[in-house]
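The values are calculated or read from the model by the stated rules, or taken from the named source; none is laboratory data. Being a predicted model, the structure only gives us computed values, none of them experimental. Cβ sites come from the backbone with ideal geometry, for glycine too, and all protein chains shown count toward neighbours.
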Amino acid sequence: MARLSGDDILAHCLGKPGAWQDEPWEGDVVAKVGDKIFAFLGGGEGVGLKCGANRDEADELVDTYPGDVSKMAYIGRSGWNTVRLGGSVPDDEILELIDASYETIVAKLPKSRRPKVDD
């Protein structure tokens, strides 16, 4: 069974309402909504996501998948983790984590800057 690739992750991210690709640092691709990052795509081996409101919440995922989920450098204290692709985290769970990261970031945007979503 084929596993998610970096291209699959990018396509999933960019399929979200209002999502767009940026490269704020050379070689570091990110997915944004409004002016906020919701996924760090890097080189395609993993994805950096907002996995909790704080470090304690994000650590639950690290504890569940200790070899494949780690605290992100610099912003990990704010609940960001790196999830390795092709490891023990199931692909459907990675997609759910992307969705949750997106929804968390959208909720922090001012209402006037949130993407319009058809219900």
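Overview of results
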| quantity | calculated |
| --- | --- |
| First in the range 9-32 and on the phi > 0 side of the Ramachandran plot, second anywhere and at pLDDT 95 or above, Cβ under 6 Å, 6 or more apart | GLY18/VAL33 |
| Any chance GLY52 is assigned to a loop (DSSP other than H, G, I, E, B), in contact with a Ser or Thr (Cβ under 8 Å, 6 or more places away or on another chain) and surrounded by 12 or more Cβ atoms within 10 Å (Cβ to Cβ) | no |
| Among residues of the range 81-119, those that are under 16 Å from THR64 (Cβ atoms) and not aliphatic (A, V, I, L, M), counted | 10 |
| Per-region count, the range 1-48, residues acidic (Asp, Glu) and assigned to a loop (DSSP other than H, G, I, E, B) | 3 |
| Residues being in a helix (DSSP H, G or I), in contact (Cβ under 8 Å) with a residue 24 or more places away in the chain and either farther than 15 Å from ILE37 by Cβ or of a type outside the set (Ser, Thr, Tyr) (or both) - total across the range 56-98 | 6 |
| Every residue from the range 82-119 that is of a type in the set (Asp, Glu) and either exposed (fewer than 15 other Cβ atoms within 10 Å of the Cβ) or more than 16 Å from GLY46 (Cβ to Cβ) (or both) | ASP92, GLU93, GLU96, ASP99, GLU103, ASP118, ASP119 |
| Whichever residue in the range 23-44 is among the charged types (D, E, K, R) and closer than 18 Å to LEU109 by Cα and, among such residues, is surrounded by the fewest Cβ atoms within 10 Å (Cβ to Cβ) | ASP35 |
